[in-house]
Amino acid sequence: MDQFPIRLRRVAVFAGIFILILFVIEFNARLEELNRLNQQRDEMRVLATQAAQTQIALQTQAVYAASTEAVEEWARADGHYIQEGDQPVIPVELPGSAPVMVNTPLPPPTPMQNWEIWRMLFFDR
């Protein structure tokens, strides 16, 4: 009568294959989640390393800025101070030489707006 008799063994095999496929799908989803979390962890490690390097660089700069060497360097280079015993040198021209003429460029004229031109034409004389 029935061409395809339902056998318990065939149902068990199909159920086992179905459960195995569900396990593979769940395992794949977990692997994707693991890869995503590993990538986020690596990005956070890079950011933490950069922050630590920045902190070390800033601490180094702060220690140098508080040192006497930095103060002396600033005083001589930017502050134009001299120490006791230093003899300041003032450049002087050679006698008989012509003074150096430095041409300062003229600033370009600022363009006037139309209303300023009309105002000047009518009211300024």
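Each value in this text was obtained by applying a stated rule to the coordinates, not by laboratory testing. Note that the coordinates shown come from a computational prediction; the quantities given were computed from them, not determined experimentally. In this analysis, Cβ positions are derived from the backbone assuming ideal geometry, glycine residues included, and neighbour counts consider all displayed protein chains.
Across A48, A15, A62, mean-square fluctuation computed from a Gaussian network of the chain (C-alpha pairs under 10 Å connected) peaks at A15. The simple spin-label model puts a point 7 Å past each Cα toward its Cβ; for M120 and F23 those points are separated by 9.1 nm.
Working note: Karplus 6.51/-1.76/1.60 with θ = phi - 60° gives the range 8-15 the couplings 4, 5, 5, 5, 5, 5, 5, 5 Hz, where Gly and Pro are set to x.
The phi-based Karplus calculation (6.51 cos²θ - 1.76 cosθ + 1.60; θ = phi - 60°) puts the 3J(HN,Hα) values of the range 96-107 at x, 8, 6, x, 7, 9, 9, 7, 8, x, 6, x Hz, whole numbers, x for Gly and Pro. Taken one residue at a time, the phi angles of the range 51-66 give Karplus couplings (6.51, -1.76, 1.60, θ = phi - 60°) of 5, 5, 5, 5, 4, 5, 5, 5, 5, 4, 5, 5, 5, 5, 5, 8 Hz. Gly and Pro are set to x.
Per residue of the chain, the DSSP helices (runs of n ≥ 4 H) give a summed -39500 (n - 2.57) that works out to -22000 deg cm²/dmol at 222 nm. Taking 7 Å steps out from each Cα toward its Cβ at Y81 and L8 produces label points 10.1 nm apart.
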